[in-house]
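Comments concern the structure below.
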Amino acid sequence: MKLKKWNIIENLNSPEIRKEYLTQVLNDGDLDEIKRALFYVSKAEGIEVVAKKAKLNRESFYKMFKEGSKPRFESIYKILQALNIKLVVAS
């Protein structure tokens, strides 16, 4: 039996699944994992589409998600808006 390598982006195939995935990562993940999750969700939506909606050029978009990068909150917020994801404060 040959196993297929699991690809998270293929499994983020609906807005509901993407939002639930981000919710879980925000609840349990560290900053690097959150950044990675945003990249995966953006890739599932289409990098060019998300970058355009966020008013970021594609090259800058990819640089934000490189390992060791420290993207500005303003840029992350633009991406969240482009993905139609709202931040909510809860206790």
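The values are calculated or read from the model by the stated rules, or taken from the named source; none is laboratory data. Quantities reported herein were computed from a predicted structural model and do not represent experimental measurements. Cβ sites come from the backbone with ideal geometry, for glycine too, and all protein chains shown count toward neighbours. Keep in mind that these areas ignore ligands, DNA and RNA; they rest on the heavy atoms of the full protein, side chains included. Shrake-Rupley method; radii C 1.70, N 1.55, O 1.52, S 1.80 Å.
Annotations for the structure displayed:
- Given (1) open to solvent by less than 60 Å² (accessible area, probe 1.4 Å); (2) in a loop (DSSP other than H, G, I, E, B), index of the condition W6 fails: (1)
Yes/no per residue for (1) touching a strand residue (DSSP E or B) at 6+ places or on another chain (Cβ under 7 Å); (2) modelled with pLDDT of 95 or more; (3) surrounded by 12 or more Cβ atoms within 10 Å (Cβ to Cβ):
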| site | (1), (2), (3) |
| --- | --- |
| P15 | no, no, yes |
| E20 | no, no, yes |
| G29 | no, no, yes |
| E33 | no, no, yes |
| A44 | no, yes, yes |
| S60 | no, no, yes |
| G68 | no, no, no |
| I76 | no, no, yes |
| L83 | no, no, yes |
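- Residue check for S60: part of a helix (DSSP H, G or I) and more than 14 Å from the chain's Cα centre (by Cα): yes
- K52 being in a loop (DSSP other than H, G, I, E, B), surrounded by 10 or more Cβ atoms within 10 Å (Cβ to Cβ) and charged (D, E, K, R): no
- S91 polar (S, T, N, Q) and either open to solvent by 30 Å² or more (accessible area, probe 1.4 Å) or at positive phi (or both): yes
- Among the residues making up region 12-38, those that are outside any helix (DSSP H, G or I) and within 23 Å of S91 (Cβ to Cβ) are G29, D30.
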